[in-house]
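Notes for the one structure printed next.
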Amino acid sequence: MISRDRIVQAFLDLVAIDSPSGEEDAIAAELERRLRALGLPAAQDAAGNVLARLEGAGAPLLLSAHMDTVEPGRGIKPRWDGPDIIRSDGTTILGADNKAGCAVILEVLQSLIEDGGPHRAVEVAISRGEEVGLVGAANMDYSRITAKVAIVIDSGGPPSSIQGQAPYHYVYDIEVHGRSAHAGLEPEKGIPAVTIAAEIVAGLPQGRLDDETTGNVGIIRGGLVRNAVPDYCLVQGEFRSMVEEKVETLARGARRHIEAVQARHPGARIEASVRMAYPGYRLEPGDPAADLLYPVLRSLGFEPNPHPVGGGTDGNVFRGHGIAAVVIGRGGYNQHTKDEYLVIPEMLDCARVVEAAVRTLPG
């Protein structure tokens with residue numbers, strides 16, 4: 001049986017461990033320790049993701065969350081706001097995104113083991129670097145994952161809040177190599193990389209392009225001193241769209257634009273990579289993940305509420321590897337802010353839904 005006291009304590013224990021993206025060693029070790037204490041063969045893959053398996057009947061179900069948090073996320077001091085809400089103290093995030101998801105997985109496994117009874121085999125994948133571009137999921141050792149359906153516990157709101165559509169995401173890295181020169185004595189000998197990069201940026205779509213599509217230049221970095229013609233500039237950005245054809249059109253247009261700028265500046269060298277970071281998806285009727293989860297939600301009194309979101313999760317990456325993933329809420333709100341809070345009854349509901357899904361044996 002899902003235990004309120006146990007899942008809350010697990011959450012509080014996990015948020016006490018600092019784990020900003022790129023600094024997940026301590027939390028990974030703790031998660032691995034806890035999974036091993038439950039009797040699961042748990043280990044980290046080469047990318048540092050924590051993977052484990054609980055044997056059961058039939059095809060396995062993958063349960064996934066991520067262990068990293070955004071900044072400011074060091075020295076988190078949770079505060080109770082009444083009997084059912086935990087907040088940060090206002091100086092940091094809380095870390096419900098996504099320590100609540102990790103706590104749900106641990107509690108579901110412990111409940112399954114204690115209560116006994118038939119259940120599906122469970123594979124666990126707790127990723128690193130989700131908040132900085134789904135890095136852990138992108139580099140996960142998929143040879144150790146056999147599940148074809150996944151529940152990703154990484155959305156806000158109750159478990160009925162489902163990410164029903166997520167965008168296709170392209171990223172670009174553009175490096176402009178020019179030639180340095182003294183800006184006051186002989187600027188004509190230089191090839192200004194920053195100026196050429198600005199020409200590139202001016203031709204890249206940005207902002208809200210339509211209801212389904214966005215573009216953004218996120219980083220421009222170049223030059224060292226005020227009085228030297230800069231010989232290098234880096235531009236990084238992205239395109240997102242719910243429609244694959246639209247984002248592919250933007251990517252092709254960006255490549256053509258960069259080629260045209262290069263042709264106008266033969267003395268410079270422009271190196272550009274425009275590539276898909278992860279595929280989008282839409283939960284359609286007949287999707288294996290929806291077919292598993294929706295009846296479970298309804299059996300527990302919840303009406304599934306699939307809706308589009310503008311960001312990606314590990315679920316996008318899993319789908320790119322042929323794993324039908326559904327992303328559900330785990331009771332958190334105002335994530336990525338100092339006003340983040342966790343509704344304990346909704347985290348418990350999430351655990352009950354996930355456990356019921358695991359106990360739904362394949363037909």
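The values are calculated or read from the model by the stated rules, or taken from the named source; none is laboratory data. Not measured: the values here are computed from a predicted model. In this analysis, Cβ positions are derived from the backbone assuming ideal geometry, glycine residues included, and neighbour counts consider all displayed protein chains. Note: accessible area is taken over every heavy atom of the protein model, side chains too, but ligands, DNA and RNA are not part of it. Shrake-Rupley method; radii C 1.70, N 1.55, O 1.52, S 1.80 Å.
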Subject >> Share of carbon and sulfur in the accessible heavy-atom surface of the chain [1.4 Å probe, %] >> reply: 52
Original post:
When the chain is treated as a GNM, springs tying every alpha-carbon pair under 10 Å, which of Q165, Q236, Q110 comes out with the largest mean-square fluctuation?
Top reply: Q236
**OP:** Give, rounded to the nearest 20 debye, the magnitude of the charge dipole that segment 38-179 has about its Cα centre when Lys and Arg contribute +1 at Cβ and Asp and Glu contribute -1 at Cβ.
**Re:** 100
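Which shape class, rounded, prolate or oblate, goes with segment 47-89 when its Cα gyration tensor gives a ≥ b ≥ c as root eigenvalues, a/c under 1.5 marks rounded, and past that a/b bigger than b/c marks prolate?
Working: a/c = 4.53, a/b = 1.84, b/c = 2.47.
In terms of gyration-tensor shape, oblate.
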Original post:
If a helix is a whole DSSP H run, which ones in the chain reach 30 Å or further along their own axis (Cα) and hold a mean Kyte-Doolittle hydropathy of at least -1.0?
Top reply: 244-264
Original post:
Of the residues R74, R221, R33, which exhibits the maximal mean-square fluctuation in a Gaussian network model of the chain defined by a 10 Å Cα contact cut-off?
Top reply: R221
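Work out the length of the dipole vector of segment 324-363 about its Cα centre, built from +1 on the beta-carbon of each Lys and Arg and -1 on the beta-carbon of each Asp and Glu, and round it to the nearest 20 debye.
Taking the Cα centre of segment 324-363 as origin, the dipole is about 140 debye.
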Original post:
At what distance in angstrom do the alpha carbon centres of segment 250-328 and segment 10-69 lie from each other?
Top reply: 25
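Quote the Stokes-Einstein diffusion coefficient, in whole µm² s⁻¹, for segment 1-107, based on the Kirkwood radius over alpha carbon pairs, a temperature of 10 °C and a viscosity of 1.306 mPa s. It would help to have the intermediate numbers written out before the result.
Values: Rh = 14.7 Å.
Translational D for this selection: 108 µm²/s.
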Subject >> GNM flexibility winner over the chain from S111, S180, S143 (Cα, springs under 10 Å) >> reply: S143
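Per residue, how large is the accessible surface of the chain? Use a 1.4 angstrom probe and give square angstrom. Let's see the in-between values first.
Working: 15300 Å² over 363 residues.
Result: 42 Å² per residue.
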Original post:
Which distance in nm do the two modelled labels at D84 and R144 give, with both placed 7 Å along the Cα-to-Cβ direction?
Top reply: 3.9
Original post:
Can you pull the semi-axes for segment 243-363, root of five times each eigenvalue of the Cα gyration tensor, sorted largest first, whole Å?
Top reply: 41, 19, 11
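Give the relative contact order (percent, whole number) for the chain; include only Cα pairs under 8 Å separated by 6+ residues.
Working: 860 pairs, mean separation 87.8, N = 363.
It rounds to 24 percent for the chain.
Per Stokes-Einstein, at 10 °C and 1.306 mPa s, what whole-number D in µm² s⁻¹ belongs to segment 311-358, with the Kirkwood radius over Cα pairs as the hydrodynamic radius?
128
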Original post:
Which of the lysines could a cross-linker span from K338 if the Cα-Cα distance has to be under 26 Å and same-chain partners fewer than 8 positions apart are dropped?
Top reply: K77, K99
Original post:
Going toward the positive end of the dipole of segment 112-242, with +1 on Lys and Arg Cβ and -1 on Asp and Glu Cβ, which of L112, G237, V152 do you reach last?
Top reply: G237
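Assign unit charges at the C-beta atoms only (+1 for Lys and Arg, -1 for Asp and Glu), then state the dipole size of the chain relative to its Cα centre in Debye, rounded to the nearest 20. Provide the component values of the computation, followed by the final result.
Details: 35 positive and 49 negative charges, 85 e Å.
For the chain, the charge dipole is close to 400 debye.
If you take every DSSP beta bridge whose two residues both sit in the chain, what share of them, in percent to the nearest 5, is antiparallel? The partial results should precede the final answer.
Working: 51 of 73 bridges.
Roughly 70 percent of the DSSP beta bridges within the chain come out antiparallel.
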Original post:
In the chain, if every C-alpha pair distance is counted and binned at 20 Å from zero, what percent goes to each bin?
Top reply: 28, 49, 20, 3, 0
Original post:
What is the pair-distance distribution P(r) of segment 91-188, computed from all Cα-Cα distances in 10 Å bins starting at 0, with each bin given as a whole percent?
Top reply: 10, 29, 29, 12, 8, 8, 4, 1, 0
Original post:
Of A254, P60, I27, whose Cα points farthest to the positive end of the dipole of the chain (charges on the beta-carbon: +1 Lys, Arg; -1 Asp, Glu; origin at the Cα centre)?
Top reply: A254
Original post:
Which Cα, out of H169, A268, N334, lies furthest along the positive dipole direction of the chain (beta carbon charges, K/R +1, D/E -1)?
Top reply: A268
Original post:
With a ≥ b ≥ c the root eigenvalues of the C-alpha gyration tensor of segment 163-290, is it rounded (a/c under 1.5), prolate (a/b larger than b/c) or oblate?
Top reply: prolate
